[in-house]
Structures are given as structure tokens and as C-alpha cells.
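The values are calculated or read from the model by the stated rules, or taken from the named source; none is laboratory data. All figures in this text were calculated on a predicted structure; none of them were measured in a lab. Backbone-built Cβ (ideal geometry, glycine too); neighbour counts: all protein chains shown. Please note that ligands, DNA and RNA were not included when accessible areas were found on the heavy atoms of the full protein model with its side chains. Shrake-Rupley method; radii C 1.70, N 1.55, O 1.52, S 1.80 Å.
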Protein chains: 2
Amino acid sequence: MQSENLLKQINFIKEIDKIKYIQRKTKLFNSDRPENDAEHSWHLAMMAIVLAEHSDTPIDILKVIKMVLIHDIVEIDAGDIFIYDTSKNHTNTENELRAAKRIFGLLPAEQGDELIEIWQEFEAGITNEAKFARAMDRLEPLLQNTSNNGGTWKEFDVDYKKVYEKKKIIKDSSVALWNYSENLINESVDRGILKKVD
Amino acid sequence: MQSENLLKQINFIKEIDKIKYIQRKTKLFNSDRPENDAEHSWHLAMMAIVLAEHSDTPIDILKVIKMVLIHDIVEIDAGDIFIYDTSKNHTNTENELRAAKRIFGLLPAEQGDELIEIWQEFEAGITNEAKFARAMDRLEPLLQNTSNNGGTWKEFDVDYKKVYEKKKIIKDSSVALWNYSENLINESVDRGILKKVD
């Protein structure tokens, strides 16, 4: 039984290598090179570890780390959707659920089910852990764009209002991180790297 | 105090972006593209999560995950050293310790000290967690090279004996993972992708 589990786990480990090829719109810090999903997921996990104290509610940090490490694995089948692409649905689409079932389904059943549940919890965004994980997912590109003279905001003509709208969920998890983020957004307007239309 | 912590944490988060530029010798699965340290660290964390049951001793999986996520951060200053490069010392060098102190030292003191300790624990390789984390670090390139027709073994003329010597520490953590690995190594000789000199 154990060795059957092991073969399934190895298959999964090989399959998820593919997220290293999935390019995001956002670029590395101080760079023009797009970030890929594996790098992004690693960075969110590191952010969760060092920023955990700023969560306004108690969180199970192990679960948060698992969430951010796996949150983009469905993109192997479903592809990356740019957060400001209004033509596409960013919520838990059928495509993504099918992808989750196929990819996590490579694992032994119990283990696969656990990761599907954690991914669904992240997508639902209701629990403290999901809120904190999603705050990390919103904060990283904010740090990147402000390090890149506007980055994807300039490239895709995204304005203050849209950015503010997407980022404000950080507040649901951490007032401290939101205050920091709100300042960054406002500073970006002052620096001329984020357009604000009255 | 909290906001002072936060600024230090954000500095650290920006600094560690640099590991995305550090290329390893090993290539992605079924690919010629070298893996970078962020991708590698993400993959080890995923492996630790799905393979934890194969550890022969109880392990604190959160600590293992932290270990593998941070284990290569020192390479931002110290650089990547190829495991089969015999001209260089792979143990905890002065350079790496200096790098750990500088980079983790960007964090609030208590937090930085914790990560330096975890990194040192990984490097020492004595605790159950460190042994399992190191097993992940040995297993990933084995999977990559066998998926890449020999990969770095062929490229750098590494033979069976050297590979066996480096990989056998997997046994210190997991007999099941070692049995699997030993089979893979022997199969590689049979497939002609790993040279065995009698």
C-alpha cells in the first residue's frame, strides 16, 4: 500500500513541475522578467511566514502555507487569469475545479481530497487562513508594481480605483498590512505611477 | 514597534526575490531550462508535504517546510555550488554564515534568529526534520535527471559511485524513499543514462 502511495505521489510531484512554465503578468522586483507560478507561490509562503504576526485573527500558519503553495496548481490545466481582466471570471470556475480534481486526484485519495479542500477553502476566502493567504496574494504584486515603476498598472492601463478595489480585501485579514498597502497605493498616485481619475 | 517590524519584513521580502535569479545546474523535468532556487524551494516544500508519511521518524512538518523554503536563501550572497563540484566545500562555509546573518538579519531580531537557527539545523543535518528536508533536496534532482535522460550526470560526467554516495543519505530519513531512489539509480545504469565503472 505504501509503495502504491509513493508511486502516486511521485507522479504528482512530476506533474506539478509544470507550474514553473506558467507566466504571470507581474514581473520580478526591479525587473522586466515575468514571474512564474512556482516562484510566486514560494514568495507567498515566505511572506506568510514572516508576516503572520500581522493577522488580526489567530491563524494556522501550516494551513496558510499549504494554501499559498498549492493555490495556483490548477493553472496547469486552467491557465493564469490576469486579475484585472474583466472579461473572465476569477471565481472558482468549472475549469479550475476540473483541474483540481485531475491534478490533486493523482495523489492517494485521502491526500488528494485534503488538498482539494484546502484549495477550495482558499478560493472561498471565508476562513481566517484563506483571508490571510489571499492578503499575501494581493500584497506581493503591489510590492512588485511599486518596485517596477507601476509595472502591470502602466502596462495594462489599470487605474487607482481598480487597484484599490482589488487590494482592499487585505483589510479583512490585517489592518496593519492594509494601512501599509493603502499608503503604498496613495504614494503610487503621488509618484505618478498609478493613474487616478477624478 | 509593529510598524517597525513590518518595514523590516518588507525589506526582507524584497531582498529574497533575488533567489529567482540563481540558476541551479539541474533542469526542469523533461526540459533543458535550468531550475532556479525559488522554483526548487517551492518544489521541495510540495514534496515534503506529500511525502511526509514516508519519514521513518516523527517530524514537525512545519519546520521541514520552513527549512526547505529558506535553505538556499544564503546563495543570494554565497552563490550556488554544484553538489558534484569537488573543488568547493559544501558544508556550512563562512561565506554562507555571513550571508545568513546579513539576509535573515534584515528581519526583526527574534524572527531573524529563528530562521538562522532553522537554516543551521538544516545544514547540520542531525535532527529528524533536517534529515527529511535533506532527503527532499537529494530526491528532487534524482527525479529530474532520470526524467532528462541523465541530465547533469551526463553533462558533468558524474558516475554511479558519486551519485550513490550523495543520495544514500536519503536512507537516514526514510527507508521507503531510499528503496525507491536506489532502484531509480540502478535503473539509470541499465538505461545507459548513468555510467558505472567497475
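What's the buried accessible area, both sides, between A and B using a 1.4 Å probe, rounded to 100 Å²?
By this definition, chains A and B bury close to 4400 Å².
Tell me, what is the 1.4 Å probe accessible area of residue B:24, in Å² to the nearest 10?
40 Å²
Please pull out the direction-averaged projected area of the stretch B:125-198, using the convex hull of its alpha-carbon atoms, in nm² to one decimal place.
Quarter of the Cα hull surface area: 4.7 nm².
Can you give me the Cα centroid spacing of the stretch A:39-54 and the stretch B:132-188 in angstrom?
With the stretch A:39-54 and the stretch B:132-188 each reduced to a Cα centre, they are spaced 30 Å.
Given contacts defined as C-alpha pairs under 8 Å and at least six residues apart, what's the relative contact order of the stretch B:1-157, whole-number percent?
RCO, the stretch B:1-157: 31 percent.
Across every pair of different alpha-carbon atoms, what Kirkwood hydrodynamic radius in Å does the stretch B:47-120 reach?
Kirkwood hydrodynamic radius for the stretch B:47-120: 13.7 Å.
Check residue B:195: other-chain or 5+ apart residues with amide H under 5 Å from its amide H, H built from backbone geometry?
Close amide H contacts, sequence-distant or interchain: B:160.
Once you have the Kirkwood Rh of chain B from its Cα pairs, apply Stokes-Einstein at 10 °C and 1.306 mPa s and quote D in µm²/s.
90 µm²/s
Once the label point is set 7 Å along the Cα-to-beta-carbon vector, what list of distances in nm do you get between residue B:124 and its counterparts in the other copies?
Sorted ascending, the copy-to-copy spacings read 4.2 nm.
Please report the carbon-and-sulfur percent of the accessible area for the stretch A:1-85; probe 1.4 Å, protein heavy atoms only, DNA, RNA and ligands left out.
In the stretch A:1-85, the share of accessible area belonging to carbon and sulfur is 48 percent.
As an exercise, take the mean of 1/r over every pair of distinct alpha carbons in the protein assembly as shown, invert it, and state the Kirkwood radius in angstroms.
This gives a value of 21.8 Å.
Along the stretch B:44-56, what does the Karplus equation 6.51 cos²θ - 1.76 cosθ + 1.60 (θ = phi - 60°) give for ³J(HN,Hα), rounded to whole Hz, x for Gly and Pro?
4, 5, 5, 4, 4, 5, 7, 9, 3, 4, 8, 5, 7
7 Å along Cα→Cβ for the label point: how many nanometres lie between residue A:186 and each equivalent label in the other copies, listed shortest first?
Here the equivalent label points are 6.8 nm apart from this one.
Can you list residues from other chains, or at least 5 along the same chain, whose modelled amide H is less than 5 Å from the amide H of residue A:36?
A:24
Looking at the stretch B:150-198, how many pairs of lysines come closer than 13 Å at the Cα, when each pair is eight or more places apart or spans two chains?
7
Which whole-Hz couplings ³J(HN,Hα) result when phi for each residue of the stretch B:71-78 is put into the Karplus expression 6.51 cos²θ - 1.76 cosθ + 1.60, θ = phi - 60°, listed in order with x for Gly and Pro?
4, 9, 4, 4, 5, 4, 9, 8
Heavy-atom accessible area of residue A:118 with all protein chains present, probe 1.4 Å, nearest 10 Å²?
10 Å²
Could you derive backbone 3J(HN,Hα) for the stretch A:12-22 from the dihedral phi with the Karplus parameters 6.51, -1.76 and 1.60 (θ = phi - 60°), listing whole Hz in sequence and x where the residue is Gly or Pro?
4, 4, 6, 4, 6, 3, 4, 6, 5, 9, 8
Which angle from 0 to 90°, rounded to the nearest 10, does the C-alpha axis of helix A:109-124 make with the longest principal axis of chain A?
20 degrees
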